[in-house]
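A.B. asks: Attaching a single structure in structure tokens format; questions to follow.
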Amino acid sequence: AQSVTQPDIHITVSEGASLELRCNYSYGATPYLFWYVQSPGQGLQLLLKYFSGDTLVQGIKGFEAEFKRSQSSFNLRKPSVHWSDAAEYFCAVAPSGAGSYQLTFGKGTKLSVIP
Amino acid sequence: DAGVIQSPRHEVTEMGQEVTLRCKPISGHDYLFWYRQTMMRGLELLIYFNNNVPIDDSGMPEDRFSAKMPNASFSTLKIQPSEPRDSAVYFCASSYPAGGPETQYFGPGTRLLVL
């Protein structure tokens, strides 16, 4: 069974600073990989996803993520954080191929932004 | 599009009572997912439907939980009888074939508190 680890429970950054949120997964092959964001009291919104091809994927709101097979990682980055980015971020994996409907989520990383 | 709609947004009930959570997926989406989010366990997939048919309910915690999808625009998750450990945020999500079942669109969630 696949699993996802987000080692940082809470991260605080200053507005304008760069951001990297870590995600490591465990899966027998290359899975489908996702990052979601959850604002307080809201549902989850898809930021970006990786299925295959270019290992650097661009998402919404200026976020990008890089898939590194050798490290089983899919870290999320943003060059300059805005106060509105304060939220909780979830990495998720799904088995690749047919029937890949079951997302497994990490426990999330809460991002706080200092003005 | 209105997005995935869930009701109620908040529910407070007493132990032993029946609780019914409701979901209206995005029109045209033929996959529907129910998730539960708690601090201890994070986001867990409970059950998902394809074309109104339950495909995998292995995540349903026990027989007290049941889910139905009588038509393409409505689903319910019922807990009977409810227990304090059922307190959580319950999310509904839907997806469509062109976007891949992995691209799930989440509702705002129902926050359930069982006293």
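The values are calculated or read from the model by the stated rules, or taken from the named source; none is laboratory data. Please read these numbers as outputs of a predicted model, since none were measured by experiment. Reconstructed Cβ throughout: ideal geometry from the backbone, glycine too, with neighbour counts over all protein chains shown.
A.B. asks: May I ask you to verify whether B:D86 is within 11 Å of chain A (Cβ to nearest Cβ) and either under 15 Å from B:P8 (Cα atoms) or crowded, with 16+ Cβ neighbours inside 10 Å (or both)?
C.D. replies: The answer is no for B:D86.
A.B. asks: Related question: In the stretch B:51-58, is there at least one residue being in contact (Cβ under 8 Å) with a residue 40 or more places away in the chain and away from every other protein chain (no Cβ under 13 Å)?
C.D. replies: no
A.B. asks: Count, please, the residues in the stretch A:61-115 that happen to be part of a strand (DSSP E or B) and free of Cβ contacts under 8 Å to residues at least 24 places away in the same chain.
C.D. replies: Count: 3.
A.B. asks: Within the group B:I26, B:I47, which residue is surrounded by fewer than 20 Cβ atoms within 10 Å (Cβ to Cβ), among the β-branched types (V, I, T) and under 28 Å from A:S96 (Cβ atoms)?
C.D. replies: On the way: B:I47 fails: surrounded by fewer than 20 Cβ atoms within 10 Å (Cβ to Cβ).
When all the criteria are applied, what remains is B:I26.
A.B. asks: For the stretch A:29-39, give me each residue that is more than 14 Å from B:T103 (Cβ to Cβ) and either without any contact (Cβ under 8 Å) to a residue 24 or more places away in the chain or within 11 Å of chain B (Cβ to nearest Cβ) (or both).
C.D. replies: A:P31, A:V37, A:Q38, A:S39
A.B. asks: Yes or no: B:G16 surrounded by fewer than 21 Cβ atoms within 10 Å (Cβ to Cβ), touching a Pro at 6+ places or on another chain (Cβ under 7 Å) and of a type outside the set (D, E)?
C.D. replies: When the stated conditions are applied, B:G16 passes them.
A.B. asks: On to the next question. Counting only residues that are under 15 Å from B:A72 (Cα atoms) and more than 15 Å from the chain's Cα centre (by Cα), which one in the stretch B:4-28 is modelled with the lowest pLDDT?
C.D. replies: If we take residues in the stretch B:4-28 being under 15 Å from B:A72 (Cα atoms) and more than 15 Å from the chain's Cα centre (by Cα), then B:G28 is modelled with the lowest pLDDT.
A.B. asks: While we're on this one: Residues being away from chain B (no Cβ under 13 Å), farther than 11 Å from A:E15 by Cα and either of a type in the set (S, T, Y) or in contact with a Phe, Trp or Tyr (Cβ under 9 Å, 6 or more places away or on another chain) (or both): count how many of those fall in the stretch A:76-115.
C.D. replies: Qualifying residue count, the stretch A:76-115: 4.
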